1. Can you pull out every residue in the stretch 107-129 that is open to solvent by 70 Å² or more (accessible area, probe 1.4 Å) and in a strand (DSSP E or B)?
2. Under 9 Å by Cβ, and 6 or more places apart or on different chains, what pairs join a residue from the stretch 88-111 that is over 19 Å from Gln40 (Cα atoms) with one that is open to solvent by 90 Å² or more (accessible area, probe 1.4 Å) and not in a strand (DSSP E or B)?
3. Give me the residue from the stretch 89-106 that is of a type in the set (Gly, Ala, Ser) and either within 19 Å of His19 (Cα to Cα) or touching a helix residue (DSSP H, G or I) at 6+ places or on another chain (Cβ under 9 Å) (or both) and, out of that set, surrounded by the most Cβ atoms within 10 Å (Cβ to Cβ).
4. Of everything in the stretch 52-65 that's at pLDDT 95 or above and open to solvent by 50 Å² or more (accessible area, probe 1.4 Å), which residue is nearest to Ile114 (Cα to Cα)?
5. When the stretch 52-72 is examined, which residues are found to be free of Cβ contacts under 8 Å to residues at least 12 places away in the same chain and under 18 Å from the mean Cα position of the chain (by Cα)?
6. Out of (1) under 20 Å from Arg109 (Cβ atoms); (2) over 14 Å from the mean Cα position of the chain (by Cα); (3) modelled with pLDDT of 95 or more, what's the single condition that is false for Val3?
Amino acid sequence: MLVPCTVESVRVHILSGQHVVLLQPKDSDRLLPIWIGSDQAHSIATKLAGVVSERPLTHDLMTTMLAQLGVEITRVVVRDLVESGDGNGVFHGSIFLQRAGTEIEIDSRASDAIALAIRCDARILVAESVLDRSSIASSIAAEG
């Protein structure tokens, strides 16, 4: 089952300097932290804040190109969390595109999928199994 989520915020971990995007399932007090690179964090955060770049950022360029080709991003999915062997995991995503009644699924980093979704108001969905394994109480995120 897929759970609709929204982007709650993008934050920087004080001790490590690493970036994290927090997804919040609808009607839930849980949060899904996804550790992301600084470029994706900047892309997501600037869009959420309504900051307009002088020149298109990569995700802006991609959405413009797709729109010019008549392609719509209908939804993105955080579909899996794959263990990396070092105690961490890698989130896998998919971007669903539609053109002329045909749907295409594209493999993606979860962070890139989220950055694209917020630019075109596409739904962000997360596999329930990923939420079960990795979500935290929102009170924990407020403390961190």
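The values are calculated or read from the model by the stated rules, or taken from the named source; none is laboratory data. None of the values given here were measured: they were computed from a predicted structure. Please note: Cβ atoms are built from the backbone with ideal geometry, for glycine as well, and neighbour counts cover all protein chains shown. Remember, those area values only see protein heavy atoms, side chains included, never the ligands or the DNA or RNA. Shrake-Rupley method; radii C 1.70, N 1.55, O 1.52, S 1.80 Å.
1. Answer for the stretch 107-129, where residues must be open to solvent by 70 Å² or more (accessible area, probe 1.4 Å) and in a strand (DSSP E or B): Asp107, Arg109, Arg123.
2. Arg99/Leu69
3. Keep residues of the stretch 89-106 that are of a type in the set (Gly, Ala, Ser), which gives 89, 93-94, 100-101.
With the extra rule that they be either within 19 Å of His19 (Cα to Cα) or touching a helix residue (DSSP H, G or I) at 6+ places or on another chain (Cβ under 9 Å) (or both), the set shrinks to 89, 93-94.
Details: Gly89: 17, Gly93: 24, Ser94: 17.
Among those residues, the one meeting the criterion is Gly93.
4. Met62
5. Leu61
6. (2)
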